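Just below is one structure, and these are the notes that go with it.
The values are calculated or read from the model by the stated rules, or taken from the named source; none is laboratory data. What you are looking at is a predicted structure, and each value in this text was computed from that prediction instead of being measured. Please note: Cβ atoms are built from the backbone with ideal geometry, for glycine as well, and neighbour counts cover all protein chains shown. What goes into the accessible areas is simple: the full protein's heavy atoms, side chains included, and nothing from ligands, DNA or RNA. Shrake-Rupley method; radii C 1.70, N 1.55, O 1.52, S 1.80 Å.
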Amino acid sequence: MSVTGKIVDKSILKRLLGYVRPYRVPFIISGILILVLSIMGVYRPWLIAVIIDQYVIISPSERIVLTLSLFLIFLLIVEAIFQYFQTYLANRV
């Protein structure tokens, strides 16, 4: 085996995907969950900033802040569930 300096070597990638073939469905679901978790990880701090900037500082309405806080807690629970299943599926593959 020689070092070519390529970032992605197609022959190695084909061989790797050959090993993954029996676990295709969990592998694909795990990849999708990784993408969803990445988006949720970026969305959460933005949502916290919006809650603080627009609803706590500018117009402090208890009902809106409580509703958005419950939504944020819901997102955290969904993110934890997705993380659990992604880890479970990745360990199966």
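Only Cα sites of segment 1-63 enter the Debye sum here, all with the same form factor; the resulting log10 I(q)/I(0) across q = 0.18, 0.21, 0.25, 0.27 1/Å is -0.82, -0.92, -1.00, -1.04, listed in q order.
Spin-label model, Met40 to Arg21: label points 7 Å out along the Cα-to-beta-carbon direction sit 3.3 nm apart. Modelled this way, with points 7 Å down the Cα-to-C-beta line, the labels at Leu72 and Asp53 are 1.4 nm from one another.
Could you please put Thr87, Thr67 in sequence from largest to smallest accessible area, using a 1.4 Å probe? The partial results should precede the final answer.
On the way: Thr87 60, Thr67 80 Å².
The most accessible residue leads, giving Thr67, Thr87.
How far is helix 62-92 tilted off the main Cα axis of the chain, in degrees rounded to 10, range 0 to 90? Approximately 10 degrees, to the nearest 10. Sorting the segments 25-33, 49-57 by their residues' average number of neighbouring beta-carbon atoms within 10 angstrom, most packed first, yields 25-33, 49-57.
For segment 15-32, putting each phi into the Karplus relation 6.51 cos²θ - 1.76 cosθ + 1.60 with θ = phi - 60° gives couplings of 5, 5, 5, x, 6, 7, 3, x, 10, 4, 5, x, 5, 5, 4, 4, x, 5 Hz, in residue order, rounded to whole numbers and with x for Gly and Pro.
Couplings 3J(HN,Hα) of segment 7-12, computed from phi: 6, 10, 9, 4, 5, 5 Hz, in residue order, whole Hz [Karplus 6.51 cos²θ - 1.76 cosθ + 1.60, θ = phi - 60°; x for Gly and Pro].
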